[in-house]
Amino acid sequence: MKVSKRAQSVPVSATIAVTSRAKQLKAQGVDVVGFGAGEPDFDTPDYIKQAAIEALKGGKTKYTPAAGITELRTAIAAKLKNENGLNYTPEQIIVNIGGKHSVYESMQAVLDVGDEVILPTPYWVTYPEAIKLAGATPKIVQTNKANSYKITPKQLKDAITKKTAMLVINSPSNPGGFTYTPQELKDIAKTLEGTDVVVLSDEIYEKLIYGDTKFVSFASLSEDAYNRTLTLNGFSKTFSMTGWRLGYTAGPLEVIKAMARLQDHMTSNSVTFTQYAAIAALGEPAKQAIEKMRVEFEKRGKYMAERLNSIPGVQCPEPTGAFYCFPDVSEHYGRNINGAEINGSMDFAKALLEQANVAVVPGLPFGCDGNIRLSFACSLDDISKGLDRLQKWLSQ
Ligand code: PMP
């Protein structure tokens, strides 16, 4: 059957080769240590599940308005005000079917054919595809180790052209594990003043920050920042609700209304009883569960970075957010390890999996071929075992 050029242009995820090979090896009984997880290894807090059950029993099983039930949009508005210092009315908020849907729909609502979107490396793999599906072009800005992989105001200024319609900021970052400081974000906001650039601020990892890291919402920095920003967030990471598919976007009314029109014809509302569970998630009891998870991630991230940095030829900034370490392993490129030529992150990940049974994600699909991504959404025992193997493998 005919397949559209649009669909053909979307590549199979470059990370899939390693993850499906890891699954295959596991199925064969091989003891693979997996550092590929993109979701917390904790269960959804029980009271959130209970709220969904109650909603189902209470007959919350029919359509809702496409943009979400008013009670949830009101609860999100209160969260954004109390926790992020942002004044959005419920009408300025749309509930989407996961943060991924928020990204896709925001871009569909804002971008036109020929627009450019500034995308600093390392970027989450979905952004470039969502940009291209909206007819726009990603303008990749290569960051570097010296700046902790963050775009500088100078780089941003140099990248802006007449065609620039959007800048994507993801802090805390997947895959980088870094968080922009409030001052760094202020400098970015200042650089954008006088332009028409929309900022898509993906804040989905906001609660997972470590050490003395401070999180600020981009839109809270100034009136100018507020007016140009779409604030994106969701329930997947903070509440361990990846399978529930709930995200949201807040921003100027005209864009949120445009997203609601698109959503009306594409998907309609996100699942009705999960919207009720989301109201419960935003209540007080979640705070304890989130803090418990955060403390555990902090311990693991610190340990993982320490171990990685103790391996010759591996450099890893200590993660300040999310649940990823993103070490530079490029000093090992050009080597031959047990017959495998290591000429980039794809070779590195493949050989590490085949020879030492450790699954990591290559940095290439995130725009940084010098790096690999290791998730610490797994036990300390697994981290210790996997890094022992990595260390031994590289020391050959
Ligand atoms: N943004 C970032 C940076 C992510 O890493 C993810 C999940 N991998 C999402 C958005 C979307 O998450 P979800 O669709 O599960 O809400």
So who's got an amide H within less than 5 Å of the one on Thr320, skipping anything under 5 residues away but keeping other chains? H placed 1.01 Å off N, in plane.
Phe178, Thr179
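Assign unit charges at the C-beta atoms only (+1 for Lys and Arg, -1 for Asp and Glu), then state the dipole size of the chain relative to its Cα centre in Debye, rounded to the nearest 20.
Working: 44 positive and 42 negative charges, 132 e Å.
Once rounded to the nearest 20, the dipole reads 640 debye.
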Quick one: angle between helix 182-192 and the longest Cα principal axis of the chain, in degrees between 0 and 90, rounded to 10, please.
70
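Once you sort the root eigenvalues of the Cα gyration tensor of the range 314-396 as a ≥ b ≥ c, which label holds: rounded (a/c under 1.5), prolate (a/b larger than b/c) or oblate (the other case)?
Details: a/c = 1.87, a/b = 1.24, b/c = 1.51.
Cα axes put the range 314-396 in the oblate bin.
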Per 0.36 nm of contour for each residue apart, how much would the distance between Ala17 and Ile160 grow if the chain were fully extended, relative to their Cα-Cα spacing?
48.0 nm
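Expressed as a rounded percentage, what relative contact order does the range 18-176 have, with Cα pairs under 8 Å and six or more residues apart? Each step should come with its number before you reach the end.
Values: 143 pairs, mean separation 26.0, N = 159.
Reported relative contact order: 16 percent.
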Give me the angle, in degrees from 0 to 90, between the Cα long axis of helix 46-57 and the longest principal axis of the Cα atoms of the chain, rounded to the nearest 10.
40
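Just the number please: accessible area per residue for the range 102-203, 1.4 Å probe, all protein chains included, in Å².
On the way: 3850 Å² over 102 residues.
Value returned for the range 102-203: 38 Å² of accessible area per residue.
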Table column - 3J(HN,Hα) (Hz), the range 347-355, Karplus curve with 6.51, -1.76, 1.60, x for Gly and Pro:
4, 4, 5, 5, 5, 4, 5, 5, 8
Would you work out the relative contact order for the chain, in percent, from Cα pairs under 8 angstrom that are 6 or more residues apart?
23
Please list, in order along the range 362-373, the HN-Hα scalar couplings obtained from phi with the Karplus expression 6.51 cos²θ - 1.76 cosθ + 1.60 (θ = phi - 60°), rounded to whole Hz, x for Gly and Pro.
x, x, 3, x, 9, x, 9, 6, x, 10, 10, 10
If one builds a Gaussian network model of the chain from Cα atoms under 10 Å apart, the most fluctuating residue listed among Tyr276, Tyr63, Tyr88 is Tyr63
If the cut-off is 24 Å between C-alpha atoms, which lysines fall inside it for Lys49, apart from same-chain ones fewer than 8 positions away?
Lys57, Lys60, Lys62, Lys79, Lys100, Lys207, Lys237, Lys287, Lys292
Helix-only mean residue ellipticity at 222 nm for the chain, each DSSP H run of n ≥ 4 adding -39500 (n - 2.57), per residue, nearest 500
-12500 deg cm²/dmol
GNM on the chain, C-alpha springs below 10 Å: top fluctuator among Pro285, Pro172, Pro11?
Pro11
Going by alpha carbons, how many degrees (0 to 90, nearest 10) lie between the helix axis of 253-266 and the longest principal axis of the chain?
80
Cβ neighbours within 10 Å, averaged per peptide: list 37-47, 352-362 in order, most packed at the top.
352-362, 37-47
Among Arg294, Arg21, Arg373, which one moves the most in a GNM of the chain with springs linking Cα atoms closer than 10 Å?
Arg21
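Leaving out ligands and nucleic acids, note down the accessible area per residue over the range 273-396 with a 1.4 angstrom probe, in whole Å². Can you show the working numbers first?
Details: 4860 Å² over 124 residues.
For the range 273-396, the solvent-accessible area averages 39 Å² per residue.
Over the range 86-204, what is the relative contact order in whole percent, taking alpha-carbon pairs under 8 Å and six or more residues apart? Each step should come with its number before you reach the end.
On the way: 156 pairs, mean separation 29.6, N = 119.
For the range 86-204, the relative contact order is 25 percent.
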If I compute solvent accessible area with a 1.4 Å probe over the protein chains, what percent of it on the chain is carbon and sulfur?
53
Can you list residues from other chains, or at least 5 along the same chain, whose modelled amide H is less than 5 Å from the amide H of Leu167?
Ile118, Val198, Val199, Leu200
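The values are calculated or read from the model by the stated rules, or taken from the named source; none is laboratory data. From a predicted model like this one, the values you see are computed outputs, not experimental measurements. Note that each Cβ is placed from the backbone with ideal geometry, even for glycine, and that neighbours are counted across all protein chains shown. These accessible areas exclude ligands, DNA and RNA; they are computed on the full protein's heavy atoms, side chains included. Shrake-Rupley method; radii C 1.70, N 1.55, O 1.52, S 1.80 Å.
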